[in-house]
Amino acid sequence: MATADLASDTEELDPFDAFNRAMGAGIVEDPYPDFARSRAQGPIHGGSGFTLDGASADETLPEELPGLFTAYSFEAVQQVLRDNETFSSSGYSMVMGPVMGRSILEMDEPEHHAYRALLQQAFTRKAMERWEAEVVKPVVDRLIDRFAADGRAELVRSLHFPFPMTVIAALLGLPDSQLDDFHRLGVELIAVSVDPERARVASAKLGELFLEQIERRRQQPADDMITLLCQAEHDGQRLTDDEILAFLRLLLPAGAETTYRSSSNLMCGLLTHPDQLDALRRDRSLLPQAIEEGLRWECPLLMIVRIAVRDAEVCGVRIPAGSVVMTNLGSANRDESRWEHPERFDIFREQKAHLAFAAGPHTCLGMHLARMETAVVVNALLDRLPNLRADPDHEPPRITGLTFRSPSALHVVWDT
Ligand code: HEM
């Protein structure tokens, strides 16, 4: 197909730069003081709270929309996300539909429930244990092998960015020869806001690549996620090729980008709080709570959107049917009525559920995988790079971004 062939003709694209350009890294340093001011005005109120370049998103709202609200408090965000009969996810079809296909993200009940029940079969605890030993650890070790003898490295580019995408390729059972193509096309797809045409071409090309794999698994089942998806059955239903394709495309932004950012954010917190890094180095039983604190403190994806399909009330505020409701996960995770000094990174704080993986029926399907991947990467770094610490020859790392947040670099040194 002519459009798909174009993908291989395009000039070299640096995946890392494309990601960051797409997500506006560096434009916004710290939106949290603004979020705190918004929270102080009320748990949920009108407007988007976005002031990227001085212009509020409210000014660009199409006239037919009766309203735009943003939920800022933990309670308001949780209430919106839990009630998916009132607050629909269908808005995703406009943003992601053209490049993803009809993915689970945009589905409402009862379709969502049935589809999720099928997908869930590929994410069992048993699968997770196997993936950890057979996929994630080897991928992380291979990447660290490349720089372990050097005594210094920039971790985002050499480790955090490539590892989740490589893990997904391995889980899908893609042959090594397709890894580079997969990586490049995945990045082009994700960078849809930078270059929609390139994203569309990448989507078609990925579709061809995945379809070939699906057909192969249908004829000859293998021990991988595509086979699991082909075989999954719920109430006599199976996934169609288009449904599998939409899910596989979604795995790139949903599974790779978020994990790259969340694991970088945790390392950033640890490197800038050396006492906590030392405590964790000495006592790895602290790792699960460190991972949750990293997710709470700097969640990688800050905003998700819903549309009110009927009149509703959230924390005493009337939301008319048809309103767009943004839920600010970042703000909810820094709600001072739930966490003391929420701006502090503190792996020792009392553990309370956060909203980095959202809440309700659309709660992240890959959260256990994300946690496991992060644990593997942090453990491997601490085990293999003695006395790992921030490189004193560089500025301390910092996290930037608005809807997606992470550090663009993590310069580190260790003893060799
Ligand atoms: C730290 C890493 C991750 C974060 C912060 C994260 C965050 C989220 C959030 C906030 C949602 C809800 C979106 C919405 O309701 O609009 C979501 C959904 C989802 N995530 Fe994740 N995610 C992460 C990792 C992963 C991984 C590793 C996978 C799979 C490989 C994954 C697969 C999914 C899927 C399939 C959904 C859609 C679930 C549904 O609509 O029912 N995520 N994720």
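Can you name every residue in segment 131-153 that is in contact (Cβ under 8 Å) with a residue 40 or more places away in the chain and of a type in the set (Asp, Glu)?
Going residue by residue through segment 131-153, those that are in contact (Cβ under 8 Å) with a residue 40 or more places away in the chain are 131-132, 136-137, 140-141, 144, 148-153.
Matches in segment 131-153: 132, 141, 150.
Only one residue in 123, 163 is buried (at least 21 other Cβ atoms within 10 Å of the Cβ) and touching a residue at least 12 places away in the same chain (Cβ under 8 Å), so which one is that? Walk me through how you get there before you give the answer.
Details: 123 fails: buried (at least 21 other Cβ atoms within 10 Å of the Cβ).
On inspection, the qualifying residue turns out to be 163.
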(request) Output yes when any residue across segment 323-346 is acidic (Asp, Glu), open to solvent by less than 20 Å² (accessible area, probe 1.4 Å) and within 25 Å of residue 251 (Cβ to Cβ), and no when none is. (result) no
(message) Can you tell me how many residues within segment 110-142 are within 11 Å of the ligand (Cβ to nearest atom) and assigned to a loop (DSSP other than H, G, I, E, B)?
(response) 2
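Modelled with pLDDT of 85 or more and more than 30 Å from residue 408 (Cα to Cα): does that describe residue 118? Break it down stepwise before answering.
On the way: modelled with pLDDT of 85 or more: yes; more than 30 Å from residue 408 (Cα to Cα): yes.
Yes, satisfied.
Taking only segment 129-152 into account, find how many residues are surrounded by 15 or more Cβ atoms within 10 Å (Cβ to Cβ) and within 18 Å of residue 251 (Cβ to Cβ). If you could, list the steps in order and put the result at the bottom.
So the first thing to find is which residues in segment 129-152 are surrounded by 15 or more Cβ atoms within 10 Å (Cβ to Cβ), and the list is 131-132, 135-137, 139-140, 143-144, 147-148.
Filter again for within 18 Å of residue 251 (Cβ to Cβ), leaving 131-132, 135-136, 139.
Number satisfying all stated conditions: 5.
Being hydrophobic (A, V, I, L, M, F, W, C) and in a loop (DSSP other than H, G, I, E, B) is the filter; apply it to segment 89-109 and report the residue that is surrounded by the fewest Cβ atoms within 10 Å (Cβ to Cβ). Before the answer, list the steps.
Pass one, segment 89-109, residues hydrophobic (A, V, I, L, M, F, W, C): 94-96, 99-100, 104-105, 107.
Of the ones still in play, those that are also in a loop (DSSP other than H, G, I, E, B) are 96, 107.
Working: 96: 21, 107: 23.
That would be 96.
Tell me the residue from 201, 187 that is closer than 30 Å to residue 380 by Cβ, in contact with a helix residue (DSSP H, G or I) (Cβ under 8 Å, 6 or more places away or on another chain) and crowded, with 17+ Cβ neighbours inside 10 Å, please. It would help to see each step written out before you state the result.
Numbers: 201 fails: closer than 30 Å to residue 380 by Cβ.
Criteria check complete, one pass: 187.
Does residue 298 count as free of Cβ contacts under 8 Å to residues at least 60 places away in the same chain, within 15 Å of the ligand (Cβ to nearest atom) and under 26 Å from residue 396 (Cα atoms)?
Values: free of Cβ contacts under 8 Å to residues at least 60 places away in the same chain: no; within 15 Å of the ligand (Cβ to nearest atom): yes; under 26 Å from residue 396 (Cα atoms): yes.
When the stated conditions are applied, residue 298 does not pass them.
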(message) Against the condition of a type outside the set (S, T, N, Q), within 19 Å of residue 261 (Cβ to Cβ), open to solvent by 40 Å² or more (accessible area, probe 1.4 Å) and touching a helix residue (DSSP H, G or I) at 6+ places or on another chain (Cβ under 9 Å), how does residue 155 come out, does it pass?
(response) no
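With respect to residue 85, is the statement that it is open to solvent by 40 Å² or more (accessible area, probe 1.4 Å) and within 13 Å of the ligand (Cβ to nearest atom) true? Explain how you work it out, then say what you get.
Values: open to solvent by 40 Å² or more (accessible area, probe 1.4 Å): yes; within 13 Å of the ligand (Cβ to nearest atom): no.
In short, no.
Got a sec? Which of 279, 290, 246 is more than 9 Å from the ligand (Cβ to nearest atom), under 30 Å from residue 110 (Cα atoms) and part of a helix (DSSP H, G or I)?
246
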(request) Being over 15 Å from residue 187 (Cβ atoms), surrounded by fewer than 24 Cβ atoms within 10 Å (Cβ to Cβ) and in contact (Cβ under 8 Å) with a residue 60 or more places away in the chain is the filter here, so list the residues in segment 251-281 that pass it. (result) 269, 271, 272, 273, 274, 276, 277, 279, 280, 281
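The values are calculated or read from the model by the stated rules, or taken from the named source; none is laboratory data. Just so it is clear, the model here is predicted, and its values are computed rather than measured. Glycine gets a Cβ as well: all are built from the backbone with ideal geometry, and neighbour counts include every protein chain shown. For accessibility, only protein heavy atoms count, side chains too; no ligands or nucleic acids. Shrake-Rupley method; radii C 1.70, N 1.55, O 1.52, S 1.80 Å.
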